[in-house]
Amino acid sequence: MAAAAAAEFRGQARLPRFAAPRRYELRLRPDLAACVFSGEASVAVDVSAPTRFLVLNAADLAVDRASIRFQGLAPAEVSVFEEDEILVLEFAGELPLGEGVLAMRFNGTLNDQMRGFYRSKYEYKGETKNMAVTQFESVDARRCFPCWDEPSFKAKFKLTLEVPSELVALSNMPIVNEKIAGPIKTVEYEESPVMSTYLVAIVVGLFDYIEGVTSEGNKVRVYTQVGKSNQGKFALDVGVKSLNLYKEFFDTPYPLPKLDMVAIPDFTNGAMENYGLVTYREIYLLFDEQSSSASTKQNVAITVAHELAHQWFGNLVTMEWWTHLWLNEGFATWMSYLAVDSFFPEWNIWTQFLDSTTSALKLDSLAESHPIEVEIHHASEIDSIFDSISYDKGASVIRMLQSYLGAERFQKALASYIKKYAYSNAKTEDLWAVLEEVSGEPVKNLMTTWTKKQGYPVIGAKLKGHDVELEQDQFLLDGSSDSGMWIVPITLGCNSHDMQKRFLLKHKFSDIKGINSQYDDQDRQNSGNFWIKLNIDETGFYRVKYDDELTTALRNALQMKKLSLMDKIGIVEDAHALSIAGKQTLSSLLHLLYACRDEDDFSVLSHINSVTSSVAKISIDATPELAGEIKQLFIKLLLPTAEKLGWDPKNSESHLDAMLRPVLLVGLVQLGHDKTISEGVRRFQIFFDDRNTSLLPPDTRKAAYLSVMHNVSSTNRSGYDALLKIYRESTEVEERLNVLGILSSCQDKDIVLESLNFIFTDEVRNQDAYLVLRSVIIDARETAWSWLKENWDRITKTFAASAILSDYVKSIVTLFTSKEKEAEISQFFATRTKPGFKRALKQSLENVRISARWVDGIRGEAELAQTVHDLLIKL
């Protein structure tokens, strides 16, 4: 029974500071057949204040209490508090101040939850085998060894592994010694520099590898399953280039002797930046010229560049606590685009960055959002902040700050920050202080509202004579208003991107005098001659609401191709959000989309496609009598560019055209375009008979698979069975994910249930199951909701990771658009919510309420039917 004195450490967000680890010596023996492991830890601990206790983290471990010693002393009491995941050692008297050694033995399970020390399955010569892998971020190192499992408790690590002789055993540092004794080898690694526990990593299994070297002589390897090493070449090239670029950018060398990147078959996240041993889901590391799509190539480049940016931003300089997670993720996201833009300028990746900004603006317009810097009260809350706020809003406000300060000053300041806090921890305020020092600008004052305050502003712009009046309010998607105040870096262009006004909006109101004094009323009304655009190239994290005259002028300018790609995206996305919030009509949004009818750019059309998809879905509930015509309108909008691109890739086409083709074809299939669906089915049948046909390359397969599912039913399931056959026969990860991602895109209740139940079989990896739920269409939402309720207990047992549960909740709950359904869903989860997905549930329910309100608003638009008819005739 836990001692009463030890109970004072319960329920705390963080461990006490009176003792801290300096060096861990760990010896681990994973048994891959029995899926267990045993270990010994010897930790140099610095006791800095008088205490009788040592308090550290441990979870899902059997600690041998009799083995515990600190400087030869056995504890008088050993208390384990499972809920707090802490181990409290109480000694008879006060511990001597200074450094002492804590030793203990422990055992654990190689679990199947993709966290801590776990097992992943792979095929080798037709046989299923286990590999042992670690995933410790955020708080799962404690599932592998007892430790001070917080980012600020940095220490050195000296690891030794005992593993089967034939296997490859990797850790953060290079091997310093290896001894083989029959079936077991003992592998000893170099001691690491100081690092946080969440970055320690181990991988044990059968692998091939390819190797490169940086300009500084650091060895870089990509490890893959046996026989797939050629698929690691692209990632290796990006990896070496990234390390070289970051060394120059931060003016600091890569800190370790080597870097390994490993493809793991079972992996919760996209990738994990473990120091010197980066682990990846296979789809984010492997690229095959023959069997991979253009989008996979781009995703691999972005992911590798992101994880390697962490080697500086996160690993060398680490956030002090999870409140400052955005320092890791926001910067790694932003840096990855900077790197990929340098390697592949033709990808126009900064325009694509607006996908991230859009995602963050959408989430941060919810009342259930959270600030970039979010207070963490318990370890169980941490996973839920690995979201679009930490990553995408974080990266977007960094882009905004860089745009305000200028690229050169910004880079110089970041290099200073990395040098100042290397091998240490930092808070957000530490970064602002360095940026202020280098730039001379009041960075902390400017940025505090953006990181400590939830949400962002909408800037209202009104034309008054020759002046423009600006007003800021918090933008909320539910249409409510909040008089929030930010210091907003405003950029404004009048009839040109070259003539920009730049200033800080520090108050609720501001007037810009004489902005259009050279234009009379007649000029202003002439098509395209006069326009004003705020937030040039969308560098600011805010939305803009223009008055009617400025809206019309921008629409004309857009039609006359006078705006940049980024500005087009910003105008479309702002109009969509304002329509949802009831601040502008859907008719106004449709007129704007019509103005984009000649668009052929990948990024702009991707955003237009997502907006048309959103409107097509809401129209089913809001105006069922108009839904068909609205779909026809959108088909006419997308079809000209889709027909120009066709189904077959051209030899000399750009990367962006290769990316655009599947976006448009999938969009047309989802809108129900008969000709595209028929062609998709035709090509699929040829492909099914001959997998090597050139008629269905990787880029267009999803469109063809969706076309097949469009016609599937319980009485006509040959297409469904053919897709399952492809899934079962393919050895390519991307191909299998393509199939999973369309299996529920069907109106037939029995087929949808069969697909949803498929995730419980051994044929679907836990990490991939969410794809089946994401593909459920509106016609099948009641079926999916009933399935979720009936299987909830099984789901929570099978998929324990909170990120996976969050995905399940979001995928199904957000399909609904009525307050009655929101109440029903709330009631179901009232007794079933856990901290890991609580935030996702609240956000999903809020989205249902927002959709219900949008439905009501659309129903009240008297002119909508006429607008749709008029635009259909024009197109």
Those residues of the stretch 813-836 which are at pLDDT 95 or above and either under 19 Å from the mean Cα position of the chain (by Cα) or acidic (Asp, Glu) (or both), in sequence order: 814, 820, 822, 824
Residues of the stretch 209-252 classified as in contact with a Ser or Thr (Cβ under 6 Å, 6 or more places away or on another chain) and among the basic types (Lys, Arg), total: 0
Which listed residue is surrounded by fewer than 24 Cβ atoms within 10 Å (Cβ to Cβ) and either closer than 30 Å to residue 13 by Cα or at pLDDT below 95 (or both), from 380, 342: 380
Lone unmet requirement of (1) in contact with a Ser or Thr (Cβ under 6 Å, 6 or more places away or on another chain); (2) under 20 Å from residue 328 (Cα atoms) for residue 139: (1)
Yes/no for residue 86 being more than 21 Å from residue 168 (Cα to Cα), at pLDDT 95 or above and touching a Pro at 6+ places or on another chain (Cβ under 7 Å): no
Residues that are in a strand (DSSP E or B) and without any contact (Cβ under 8 Å) to a residue 60 or more places away in the chain, drawn from the stretch 473-490: 473, 474, 482, 488, 490
Filter result (open to solvent by less than 70 Å² (accessible area, probe 1.4 Å) and part of a loop (DSSP other than H, G, I, E, B)) within the stretch 167-189: 167, 172, 173, 174, 182
Helices (runs of 4 or more DSSP H) contained in the stretch 785-875 and holding at least 1 residues of a type in the set (Asp, Glu) and in contact (Cβ under 8 Å) with a residue 60 or more places away in the chain: 835-859
Looking only at the stretch 36-50, and only at residues there that are farther than 15 Å from residue 21 by Cβ and open to solvent by less than 10 Å² (accessible area, probe 1.4 Å), the one that is farthest from the chain's Cα centre (by Cα): 39
Selection status of residue 756, surrounded by 17 or more Cβ atoms within 10 Å (Cβ to Cβ) and at pLDDT 95 or above: yes
Single condition residue 359 does not satisfy, out of (1) open to solvent by less than 30 Å² (accessible area, probe 1.4 Å); (2) among the polar types (S, T, N, Q); (3) farther than 18 Å from residue 139 by Cα: (1)
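Table: residues versus (1) of a type in the set (Ser, Thr, Tyr); (2) touching a residue at least 40 places away in the same chain (Cβ under 8 Å).
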{"site": "541", "(1), (2)": "no, yes"}
{"site": "548", "(1), (2)": "no, no"}
{"site": "559", "(1), (2)": "no, no"}
{"site": "564", "(1), (2)": "yes, yes"}
{"site": "573", "(1), (2)": "no, yes"}
{"site": "587", "(1), (2)": "yes, yes"}
{"site": "601", "(1), (2)": "no, yes"}
{"site": "616", "(1), (2)": "no, yes"}
Qualifying strands (runs of 3 or more DSSP E) (wholly inside the stretch 1-111; at least 2 residues being in contact (Cβ under 8 Å) with a residue 24 or more places away in the chain, basic (Lys, Arg) and in contact with a strand residue (DSSP E or B) (Cβ under 9 Å, 6 or more places away or on another chain)): 19-31
Total residues in the stretch 434-448, condition out of contact with any helix residue (DSSP H, G or I) (no Cβ under 7 Å at 6 or more places or on another chain), in a helix (DSSP H, G or I) and either open to solvent by 50 Å² or more (accessible area, probe 1.4 Å) or over 20 Å from residue 540 (Cα atoms) (or both): 2
Wholly enclosed helices (runs of 4 or more DSSP H) of the stretch 680-746 bearing at least 1 residues buried (at least 22 other Cβ atoms within 10 Å of the Cβ), modelled with pLDDT of 95 or more and touching a Gly at 6+ places or on another chain (Cβ under 9 Å): 701-710
Qualifying residue in the stretch 217-231 (condition: open to solvent by 30 Å² or more (accessible area, probe 1.4 Å), modelled with pLDDT of 95 or more and out of contact with any strand residue (DSSP E or B) (no Cβ under 9 Å at 6 or more places or on another chain)): yes
All positions within the stretch 403-421 that are closer than 20 Å to residue 310 by Cα, in contact (Cβ under 8 Å) with a residue 24 or more places away in the chain and open to solvent by 30 Å² or more (accessible area, probe 1.4 Å): 411, 412, 419, 421
Failed item in (1) within 20 Å of residue 247 (Cα to Cα); (2) β-branched (Val, Ile, Thr); (3) buried (at least 21 other Cβ atoms within 10 Å of the Cβ), with residue 397 passing the rest: (1)
Candidate set: the stretch 649-672, residues that are open to solvent by 30 Å² or more (accessible area, probe 1.4 Å) and closer than 24 Å to residue 627 by Cβ; chosen: the one farthest from the chain's Cα centre (by Cα): 670
Pairs where the first residue, in the stretch 646-669, is aromatic (Phe, Trp, Tyr) and the second is part of a helix (DSSP H, G or I), C-beta under 6 Å, 6+ apart: 647/700
Per-region count, the stretch 115-149, residues assigned to a loop (DSSP other than H, G, I, E, B) and open to solvent by 10 Å² or more (accessible area, probe 1.4 Å): 6
Test for residue 629: is it over 32 Å from the mean Cα position of the chain (by Cα), at pLDDT 95 or above and surrounded by 15 or more Cβ atoms within 10 Å (Cβ to Cβ): yes
Residue tally, condition in contact with a Lys or Arg (Cβ under 7 Å, 6 or more places away or on another chain) and open to solvent by 50 Å² or more (accessible area, probe 1.4 Å), over the stretch 449-477: 2
Subset of the stretch 190-213 (residues that are in a loop (DSSP other than H, G, I, E, B) and open to solvent by less than 10 Å² (accessible area, probe 1.4 Å)): 192, 196, 200, 201
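The values are calculated or read from the model by the stated rules, or taken from the named source; none is laboratory data. From a predicted model like this one, the values you see are computed outputs, not experimental measurements. Cβ coordinates were reconstructed from backbone atoms using ideal geometry, including for glycine residues, and neighbour counts include every protein chain displayed. Side chains are part of the model used for accessible areas, which takes the heavy atoms of the whole protein and leaves out ligands, DNA and RNA. Shrake-Rupley method; radii C 1.70, N 1.55, O 1.52, S 1.80 Å.
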